[in-house]
Amino acid sequence: MDNCLFCRIVRGEIPSRKAYEDDEVFAFHDINPQRPVHILVIPKRHITSLATVSEVDTPVLGRMLAVADQLAKENGSPDGFRVIINSGRIGQQEVGHLHAHIVGGPDPVGPMLKRV
Ligand code: AMP
Ligand code: ZN
């Protein structure tokens with residue numbers, strides 16, 4: 001995916017504040033943090049969204065969640081965190097490369113959703 005923003009971040013073509021990297025996943029601080037801790041965890045290999053995952057993606061999906069607790073603790077959210085994965089139009093996903101938001105900080109992050 002030549003022009004995908006997050007593929008370009010993985011390749012280092014666009015700078016990011018890296019928080020974690022292994023052979024399958026990459027994590028970096030959100031450019032517009034909504035909480036004191038706001039990290040994005042992404043698969044290195046392009047996956048558009050949860051709507052496009054297949055059986056072969058199962059391990060990397062697990063890895064994305066498995067690194068969340070360590071990332072939260074290392075970055076100032078010692079007592080828990082919230083994971084958000086927006087998908088598609090209804091989920092209001094803005095970047096078309098699957099990503100898990102890890103949000104937290106010293107204080108609770110707030111209600112899960114506001115009723116609209
Ligand atoms: P979503 O609405 O779930 O697609 O979230 C996209 C997220 O990507 C937003 O929280 C943006 O602030 C974040 N974002 C967009 N561009 C960058 C960037 N260059 N570096 C870090 N985070 C970014
Ligand atoms: Zn991509």
Residue count, the range 57-80, condition exposed (fewer than 13 other Cβ atoms within 10 Å of the Cβ) and β-branched (Val, Ile, Thr), comes to 1
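Select, from 88, 62, 80, 110, the only residue that is more than 25 Å from residue 15 (Cα to Cα), out of contact with any Cys (no Cβ under 9 Å at 6 or more places or on another chain), within 16 Å of ligand 2 (Cβ to nearest atom) and not hydrophobic (A, V, I, L, M, F, W, C).
Working: 62 fails: within 16 Å of ligand 2 (Cβ to nearest atom); 80 fails: within 16 Å of ligand 2 (Cβ to nearest atom); 110 fails: within 16 Å of ligand 2 (Cβ to nearest atom).
Criteria check complete, one pass: 88.
For residue 6, indicate whether it is within 13 Å of ligand 1 (Cβ to nearest atom), part of a helix (DSSP H, G or I), at pLDDT 95 or above and within 16 Å of residue 85 (Cβ to Cβ). So that I can check it myself, show each step before the final result.
Numbers: within 13 Å of ligand 1 (Cβ to nearest atom): yes; part of a helix (DSSP H, G or I): yes; at pLDDT 95 or above: yes; within 16 Å of residue 85 (Cβ to Cβ): yes.
Criteria met by residue 6.
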Within the range 71-116, the residues that are of a type in the set (A, V, I, L, M, F, W, C) and assigned to a loop (DSSP other than H, G, I, E, B) are 81, 85, 95, 98, 109, 112, 113, 116
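Looking at the range 1-28, which of its residues are in contact (Cβ under 8 Å) with a residue 40 or more places away in the chain and under 20 Å from residue 72 (Cα atoms)? Working first, answer last.
Keep residues of the range 1-28 that are in contact (Cβ under 8 Å) with a residue 40 or more places away in the chain, which gives 1, 4-7, 19-20, 22, 25, 27.
Selection gives 19, 20, 22, 25, 27.
The values are calculated or read from the model by the stated rules, or taken from the named source; none is laboratory data. The model shown is predicted, which means the values in this text are computed figures rather than measured ones. We place every Cβ from the backbone using ideal geometry, glycine too, and count neighbours over all the protein chains shown.
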